1. Residues of the range 300-315 being surrounded by 15 or more Cβ atoms within 10 Å (Cβ to Cβ) and modelled with pLDDT under 85, which ones?
2. Scan the range 81-138 for residues that are part of a strand (DSSP E or B), β-branched (Val, Ile, Thr) and modelled with pLDDT of 90 or more and jot them down.
3. Kindly establish whether Ala17 is farther than 30 Å from Tyr127 by Cβ, surrounded by fewer than 14 Cβ atoms within 10 Å (Cβ to Cβ) and within 20 Å of the chain's Cα centre (by Cα).
4. Among the candidates Ile176, Ile133, Ile169, which residue alone is in contact with a helix residue (DSSP H, G or I) (Cβ under 7 Å, 6 or more places away or on another chain) and of a type outside the set (S, T, N, Q)?
5. Of the residues that sit in the range 182-201 and are closer than 14 Å to Pro158 by Cα and more than 17 Å from the chain's Cα centre (by Cα), which one is surrounded by the most Cβ atoms within 10 Å (Cβ to Cβ)?
6. So, of the residues in the range 21-67 that are assigned to a helix (DSSP H, G or I) and of a type in the set (S, T, N, Q), which turns out to be modelled with the highest pLDDT?
7. Inside the range 65-96, can you point out the residues that are hydroxyl-bearing (Ser, Thr, Tyr) and touching an Asp or Glu at 6+ places or on another chain (Cβ under 7 Å)?
8. Could you tell me which residue of the range 1-14 is modelled with the highest pLDDT, considering only residues that are under 27 Å from Val80 (Cβ atoms) and surrounded by 19 or more Cβ atoms within 10 Å (Cβ to Cβ)?
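The values are calculated or read from the model by the stated rules, or taken from the named source; none is laboratory data. Worth saying up front: this structure is predicted, and the values here are computed from it rather than measured. Using ideal geometry, Cβ is built from the backbone for each residue, glycine included, and neighbour counts are taken over all protein chains shown.
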Amino acid sequence: MSNLTWKNSQALAVAFARELAELTGESPSCLYQWGKHLGLEVPKTRQTFYSHLAGDDWKRKSEATSTENCRMGCYPMNCVLRLRVVSLLTQFSRDKKSAKRRQLIVLFGYEVCSHLIHFQVYRGPDYEGDGDIPLCEQLPAATIAQFVEECGRMIGLPLRRVLLTQEIIDLTPPAIDAVAFLSLQKKEVIWKKRNAPPNDNEVLCSSPGTAGKQADPYVTIQDAHPFLDWCETTNAKELTSELSDLVKRHNKNTALPRLDMARQAFDALLVKSREGIEKRFRHSPWPVPETQFRHRMMMHGYASQKLTLHEVRFHQRRYENFISCPGDCSPKVEGDGA
């Protein structure tokens, strides 16, 4: 990410800022502040940044971020994970000699309250010729569930909701009163009646569309884009390296301090709930029951299997090869140099 600065061409820099705006739902002011904190060469004045971002009558299509329920320091139970896909039609350095092309998919996650960002790169097969190539236009639920579980382990707190900023998976309700839950255990979407309680490791999953209508599908980009530039001289190695550097530095600067505070608050609530019920059953002949708060926590088993940034290994981040869509045919995980 260190090379992704505003001294790159204005068009590419603006394209990246707009992707961040769609992923995070954050205001231009917040995005500008992130760039300053990371030491990127953003414009000296906020207004110049705002003007570049809003050029060509661009407006963010995804739902704006709401942080009114984010109380990380006292009740950290409102984590919302936003997901977004950047799909590219690109050529690697070795593809150009044989006139081949391929689809590259980057799946991003952003947790609203902590500002944590995560990503995974999926590399499609190569195709010869200038004609249309088969594109993956929706991701399997198993792929999304696996990614969400990894995000949840990085956050280390229960997820209240997964918000799809695009039509990434099929969320067409089978009935008017049905709501979708993403099962991180079964790796599938499960439909339930409204107000039905979730089972273990199930997270409410929705898109910002109105009832019976999903968000817009993601589009495969063929024009100028910063990610395409990073693919021209490598096999996605530079792309994964640049994204790894940026995401790691952002998380260390912005997300980890918030998560540390939230986890301390969460641990304190667990202790408080336990002390309260032990006091109530102090003279009871019956065993002390499990607290409701701890029971809720145990339903989110992924949150107790925490992943540190070191364990995620952003600087050695791997990508997956896929045949038709990420997750199909048990894709083999390849190294960056493959």
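1. The initial filter retains those residues of the range 300-315 that are surrounded by 15 or more Cβ atoms within 10 Å (Cβ to Cβ), namely 300-303, 306-307, 309, 312, 314.
Correct list: Leu309, Phe314.
2. Let us first name the residues in the range 81-138 that are part of a strand (DSSP E or B), namely 81-90, 100-111, 117-123, 127-128.
Filter once more, keeping what is β-branched (Val, Ile, Thr): 85-86, 90, 105-106, 117, 121.
Across the range 81-138, the qualifying residues are Val85, Val86, Ile105, Val106, Ile117, Val121.
3. Details: farther than 30 Å from Tyr127 by Cβ: yes; surrounded by fewer than 14 Cβ atoms within 10 Å (Cβ to Cβ): no; within 20 Å of the chain's Cα centre (by Cα): yes.
Against the criterion (farther than 30 Å from Tyr127 by Cβ, surrounded by fewer than 14 Cβ atoms within 10 Å (Cβ to Cβ) and within 20 Å of the chain's Cα centre (by Cα)), Ala17 does not qualify.
4. Details: Ile176 fails: in contact with a helix residue (DSSP H, G or I) (Cβ under 7 Å, 6 or more places away or on another chain); Ile133 fails: in contact with a helix residue (DSSP H, G or I) (Cβ under 7 Å, 6 or more places away or on another chain).
Checking each option against the conditions leaves just Ile169.
5. Initially, the range 182-201 is screened for residues closer than 14 Å to Pro158 by Cα, giving 182-184, 198-201.
Restricting the remaining residues to those that are more than 17 Å from the chain's Cα centre (by Cα) gives 198-201.
Numbers: Pro198: 16, Asn199: 13, Asp200: 12, Asn201: 20.
So, considering only residues that are closer than 14 Å to Pro158 by Cα and more than 17 Å from the chain's Cα centre (by Cα), the one surrounded by the most Cβ atoms within 10 Å (Cβ to Cβ) is Asn201.
6. Residues of the range 21-67 assigned to a helix (DSSP H, G or I): 21-24, 28-37, 46-53, 55-57.
Next cut, of a type in the set (S, T, N, Q) only: 24, 29, 33, 47-48, 51.
Working: Thr24: 94, Ser29: 89, Gln33: 86, Gln47: 90, Thr48: 86, Ser51: 88.
So, considering only residues that are assigned to a helix (DSSP H, G or I) and of a type in the set (S, T, N, Q), the one modelled with the highest pLDDT is Thr24.
7. Looking only at the range 65-96, we keep the residues that are hydroxyl-bearing (Ser, Thr, Tyr), and these are 65-67, 75, 87, 90, 93.
Answer for the range 65-96, where residues must be hydroxyl-bearing (Ser, Thr, Tyr) and touching an Asp or Glu at 6+ places or on another chain (Cβ under 7 Å): Thr65, Ser93.
8. Let us first name the residues in the range 1-14 that are under 27 Å from Val80 (Cβ atoms), namely 1, 4, 14.
Filter once more, keeping what is surrounded by 19 or more Cβ atoms within 10 Å (Cβ to Cβ): 4, 14.
Details: Leu4: 49, Val14: 74.
Filtering the range 1-14 for residues that are under 27 Å from Val80 (Cβ atoms) and surrounded by 19 or more Cβ atoms within 10 Å (Cβ to Cβ), the one modelled with the highest pLDDT comes out as Val14.
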